[in-house]
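Okay, so here's the structure we're looking at.
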Amino acid sequence: MEQYQVVYAVLNKMNIPFDVVEHLPALTTEEADSYIVGKEGVRTKTLFLCNKKKTAYYLVVMDDGKRLDMEHLAETLNEKRMSFCSPERLMEKMALPPGVVSIFGLLNNVDQDIKVYLDKEMLSEKFMSFHANDNTKTLFISTEDMYKFMTTLGYEYSIVEL
């Protein structure tokens, strides 16, 4: 079964409705956004980060139009320094290549050792968009169902101001 099919099956099992837009492969948020013009919802970017010692892993979800201040995030999370994880670590922890990261990668995190942080500014929107573990599909779910997805999987999430 393809990864996107696993995502669809899990969402159906959780009774989470979703809408999918299929498109050419998109490796950047700009490319992905060009395929979903006119659809309601936050265009998210999901960043897979780690601390300086590479002992803690973070999934940060924010509006793709916003720029992340890594120093501010590190301070917020009480870390000395943060960086993007390597493609190898991303594959190990989420079974995804760069450019495909989303909350749905949590399905592949067998150790459940990734902490999730959501940018407060985007959470007033009704819908969120994410890759469906495949960069040829953009999936829209309600913000409430995004919370439901993560908590049903056993993940807590924190809301932060980025």
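The values are calculated or read from the model by the stated rules, or taken from the named source; none is laboratory data. Keep in mind the model is a prediction, meaning the values are calculated, not measured. Positions of Cβ are generated from backbone atoms using ideal geometry, with glycine treated the same way; all protein chains shown enter the neighbour counts. For the accessible areas, the whole protein counts, side chains as well, though only heavy atoms, and no ligand, DNA or RNA atoms are used. Shrake-Rupley method; radii C 1.70, N 1.55, O 1.52, S 1.80 Å.
Distance between the modelled labels on Asp19 and Val6, one decimal in nanometres: 2.7 nm (7 Å Cα→Cβ projection).
Where both bridge residues fall in the chain, DSSP classifies roughly 65% of the beta bridges as antiparallel. Sequentially through region 85-92, phi angles give Karplus couplings (6.51, -1.76, 1.60; θ = phi - 60°) of 6, 5, x, 5, 5, 4, 5, 5 Hz, Gly and Pro residues having no value and appearing as x.
With all protein chains in place and a 1.4 Å probe, the accessible surface of region 32-144 carries 48 percent carbon and sulfur. Pairs from the table (Lys39/Lys148; Lys52/Lys137; Lys80/Lys137; Lys80/Lys126; Lys45/Lys93) lying more than 30 angstrom apart at Cα are Lys52/Lys137; Lys80/Lys137; Lys80/Lys126.
All alpha carbon pair distances within region 72-131 were sorted into 5 Å bins beginning at 0; the resulting P(r) in whole percents reads 4, 15, 21, 21, 23, 14, 2.
The three principal axes of the Cα atoms in the chain give end-to-end lengths of 39, 30, 27 Å, sorted in falling order. By the helix-only formula, in which each DSSP H run with n ≥ 4 contributes -39500 (n - 2.57) and the sum is divided by residues, the chain has a 222 nm mean residue ellipticity of -7500 deg cm²/dmol. The angle between the Cα long axis of helix 143-153 and the longest principal axis of the Cα atoms of the chain comes to about 70 degrees, rounded to the nearest 10. Average accessible surface for the chain: 52 Å² per residue, computed with a 1.4 Å probe over protein heavy atoms with every protein chain in place. Round to a whole angstrom and tell me the spacing of the C-alpha centers of region 1-63 and region 71-130. Answer, in whole Å: 11.
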